[in-house]
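This is the structure I have questions about; it appears just below.
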Amino acid sequence: MDEQFIRDRITELRLQKDVTERKMSIELGHSTSYIHSIASGRALPSMTEFLYICDYFNITPMEFFNDTEHTSAQQQRAIQYIRLLNDYDTKLIADMLERLYRPE
């Protein structure tokens, strides 16, 4: 994992969210060129800013660095709700998903 991965991953997530560099910069509370400076290699976000970026995309830092398995926006939304459930309800959802899953 290197600096280029971080730049590329931010760009990938930004494009998935269908937001411009300018809009994302402003929504994070920075100058209009903040995200462009990261994408172009002129800067990297601080740890605090990295955590804000993860929040912006509604992902955990672990999900940010997971470059082998990406989740769609709908999957991320479902995961957010599952995290709010108690253990009993989470088990019910997992059982239902297991029943619905049909490998191709």
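Name the one entry in LEU13, LEU51 that is touching a Phe, Trp or Tyr at 6+ places or on another chain (Cβ under 8 Å) and under 15 Å from PHE65 (Cα atoms).
Result: LEU13 is the single residue among LEU13, LEU51 that is touching a Phe, Trp or Tyr at 6+ places or on another chain (Cβ under 8 Å) and under 15 Å from PHE65 (Cα atoms).
For segment 80-92, indicate whether the set of residues that are among the β-branched types (Val, Ile, Thr) and at pLDDT 90 or above is non-empty.
Checking segment 80-92: at least one residue is among the β-branched types (Val, Ile, Thr) and at pLDDT 90 or above.
The values are calculated or read from the model by the stated rules, or taken from the named source; none is laboratory data. The model shown is predicted, which means the values in this text are computed figures rather than measured ones. No Cβ is skipped: glycine too gets one built from the backbone with ideal geometry, and neighbour counts run over all protein chains shown.
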